[in-house]
1. Going by the structure shown, is residue A:147 under 24 Å from residue A:60 (Cα atoms) and more than 14 Å from chain B (Cβ to nearest Cβ)?
2. Testing residue B:220 on (1) surrounded by 15 or more Cβ atoms within 10 Å (Cβ to Cβ); (2) more than 17 Å from the chain's Cα centre (by Cα); (3) farther than 20 Å from residue B:66 by Cα; (4) free of Cβ contacts under 8 Å to residues at least 12 places away in the same chain, one condition comes back false. Which one is that?
3. Is there any pair linking a residue in region A:102-124 that is farther than 20 Å from residue A:281 by Cα to one that is in a helix (DSSP H, G or I) and of a type in the set (Val, Ile, Thr), with Cβ under 7 Å and at least six apart or on different chains, and which?
4. Tally time: how many residues in region A:202-244 are free of Cβ contacts under 8 Å to residues at least 60 places away in the same chain, within 28 Å of residue A:154 (Cα to Cα) and assigned to a helix (DSSP H, G or I)?
5. In region B:81-92, is there at least one residue being of a type in the set (A, V, I, L, M), assigned to a loop (DSSP other than H, G, I, E, B), more than 25 Å from residue B:176 (Cα to Cα) and touching a residue at least 60 places away in the same chain (Cβ under 8 Å)?
6. Got a sec? Which strands (runs of 3 or more DSSP E) wholly within region A:6-63 have at least 3 residues that are within 14 Å of chain B (Cβ to nearest Cβ)?
7. For residues that are under 18 Å from residue A:251 (Cα atoms) and acidic (Asp, Glu), scanning just region A:264-293, find the one that is surrounded by the fewest Cβ atoms within 10 Å (Cβ to Cβ).
Amino acid sequence: MADVKKIATRESYGNALKELGAEFPDLVVLDADLAEATKTGVFKKAFPERHIDCGIAECNMVGIAAGLATVGKIPFVSSFAMFAAGRAFEQVRNSVGYPHLNVKIGATHAGITVGEDGASHQCNEDLALMRTIPGMVVMCPSDDIEAKAAVRAAIEHEGPVYIRFGRAAVPVFNDTPDFKFEIGKGRVVREGKDVTIVATGICVDSAIGAAEKLAADGIDAEVINICTIKPLDEELILASAKKTGKVVTVEEHSVIGGLGSAVCDCLAEKLPTPVKKIGMYDVFGESGSAAALVEKYGLDAAGVYKSVKEWM
Amino acid sequence: MNNLELKKRANDVRKGIVTAVHSAKAGHPGGSLSAADMYTFLYFEEMNIDPADPKKADRDRFVLSKGHTAPGLYSTLANRGYFSVEDLKTLRKLGSYLQGHPCMQHIPGVDMSSGSLGQGISTAVGMALGAKLDNKDFRVYTLLGDGEIQEGQVWEAAMFAGHRQLDNLVVIVDNNGLQIDGAIDEVCSPYPIDKKFEAFNFHVINIDAHDFDAIRAALNEAKATKGMPTCIVMHSTKGKGVSFMEGKAGWHGKAPNDEEYAIAMADLAKIDEELAKEEA
C-alpha cells in the first residue's frame, strides 16, 4: 500500500476545467479571490479571457453566473463550500435554482478536512442546503477519477449542479477499467451480505478500509459509493438494504440533512430498515490537521469500523 | 414615437397596473406607477426587442431588480403585445403565469426571474459581461428601487461593473423616496445616490422620471458613454398618476378596493382626456 496515489479533489476540479476548456468554448470559470486555493488557476492560465475574478463577493458572483447562463455561457462558480453554499445560499436558490439556470457550483474546501483553518471554514452543511433546492443536482466525488468525471457530467447536464470538492489529498481508487460515471448512479464497490455501508466523498475510502477490518471479524459488508446525493440512486440502496437488512451511512458532513438523511428519507418511505448514521453529530469542527480531525471525529477507516462494530 | 404617443402608452400601462393589482387584491402599485414612464420608453422606444420573438438572439435585455413592481413590467409587456392585456387580471392567482414576482420560465418577455432585492443587478451585470465576452452589441438595462440599494449585493455588483467598464449596462434607480417602513432617508438613508455610483466608476445622470425628453436624452447619453457603465437616478413620484396614491408609502404594497379602483381609473381617464385635448 506504499504507493497509493493521492490527489485532492480540488486539484481534479481545476485540472478537469482546463482539460474541458477547449472542448466546451462556452465554459467560463468564476472565482472570488480564491483561484489559488480552488485550483482553477490552471484554467485561468490556459483560458485567461474565460476566467472571471469577481473579487471577494460571492453573492454577486453567483448572480453574475446566472446572468452569464441566460446568454448561453456555462459558468462554473468556484469558492469554498462555506461561501458558495452557505453565504450565497439565497442567491443560489433564487437567481440560479428558481429559474433553473445552467450554472455549476464548484465548492472546494468542504467538510472538516479543511483542517487548520478551523470551524468557520469547515462547511458541514452544504449538502443539506443544496439538497433542498428543487432541480439542483448535488454531487460529492470520492477521488480524482470520479471528480473529473463529475465535472464533465455537470457540463453535459442542462441545469444547476453543485459539486463538492475537498482540500486534502485522498487516495485514487476508481482507476479501474470498468469505471463508468453517470449522474444519479451509485456504485457497489464491495459486495457483501451482512450490512450495507453507504458512503460519499472521502468517506468511501474509509468505508472500504472499514469493510476489510470487518471481514477479518467475519462481518461481510457491502460498500456503496454514492457520488450523486441528489437525485439519489434509490434503486441501488433499496436492493442492498433488502439483502443486508442493515444500513450505515458515512459522510464528512452533518448527520442532519446530508447523505444519511437522504438515505433515511428513502428507506423510511420505501423499506424501513435500521440505519446508523456516521458523520458530524450536530457540532462544529475545530483546527487541526485533516488526518487528526478525521480520526477524532471517527471518519477514518478505524473510526467507521468501530462505529459499525459497536452498532451491529 | 413622439412624447404624446408615449404619454398615451404610459397611461395605458398605468391602467393595466391598477387593474392587475385590484384584481389580485394584492401587489405593489406605488413603485410600479412611479416607473411606468421608464418602462414605457424602454419597451416602446429604446430596446431592440420583438414581442413576436421574445427570445430573439442578441436582443437587448431588461432585468427588473426591484421585482415586486412586476405589475409595471407585466402591464408594459402586455401593452407591447407579448401577451393579452386581459391576462393582467390573473396576476398572482393560482394557475396564472403572472407570478407575484417576475418568472422567466413562464412569462413571455421576462429576461430574468427576480424579486429578492439586490440580486437582479448582479444578473444584469452577468448578461452585460456575457455580451462583452462574445463581442456582441446588445445592451442590458436594470431597474432598482431606491430602498433596494440598501442591499449590500447592489454595491458588490456596482463595484464589478465599474471595474469591468461595462458600458453596455444601464442601471436605473427609481428614486421615489419611499419604502415600506417610510421615507428612505428616515429608515436608512442611501443618499447621496448619485455620488455613490460615481464613486463606483459609473457615469451618473439625474433626471425627472416623468419627463420623456429627459428619459430619451439620458438613455442616448448612456449609449454615447464609453468605458464605464451608466447609472440613471430618476426622481419620481411614488404612485404617479393616481391621486390618492401619489407620495404615499402606504401604497407600496397594497391593492385598491373597489371604490378606490373606480377613483384610480377615473384619474387615469382624466389624463387620457387631457392627452386627447393636447392632440387636438
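1. Numbers: under 24 Å from residue A:60 (Cα atoms): no; more than 14 Å from chain B (Cβ to nearest Cβ): yes.
Judged against the criteria, residue A:147 is not a match.
2. Residue B:220 satisfies every listed condition except (1).
3. Correct list of pairs: A:103/A:96; A:105/A:92; A:106/A:38; A:108/A:38.
4. The number of residues fulfilling the criteria is 7.
5. no
6. Working: elements: A:6-8, A:27-31, A:51-53.
Strands (runs of 3 or more DSSP E) meeting the threshold: A:27-31, A:51-53.
7. Among them, the one singled out is A:282.
Conditions (1) more than 11 Å from chain A (Cβ to nearest Cβ); (2) within 17 Å of residue B:190 (Cβ to Cβ); (3) in a helix (DSSP H, G or I), marked per residue:
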position: B:125; (1), (2), (3): no, no, yes
position: B:128; (1), (2), (3): no, no, yes
position: B:132; (1), (2), (3): no, no, yes
position: B:138; (1), (2), (3): no, no, no
position: B:143; (1), (2), (3): yes, yes, no
position: B:149; (1), (2), (3): yes, yes, yes
position: B:155; (1), (2), (3): no, yes, yes
position: B:158; (1), (2), (3): no, yes, yes
position: B:165; (1), (2), (3): yes, no, no
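The values are calculated or read from the model by the stated rules, or taken from the named source; none is laboratory data. Fair warning: this is a prediction, and the values are worked out from it, not measured in the lab. Note that we place each Cβ from the backbone using ideal geometry, even for glycine, and neighbour counts take in every protein chain shown.
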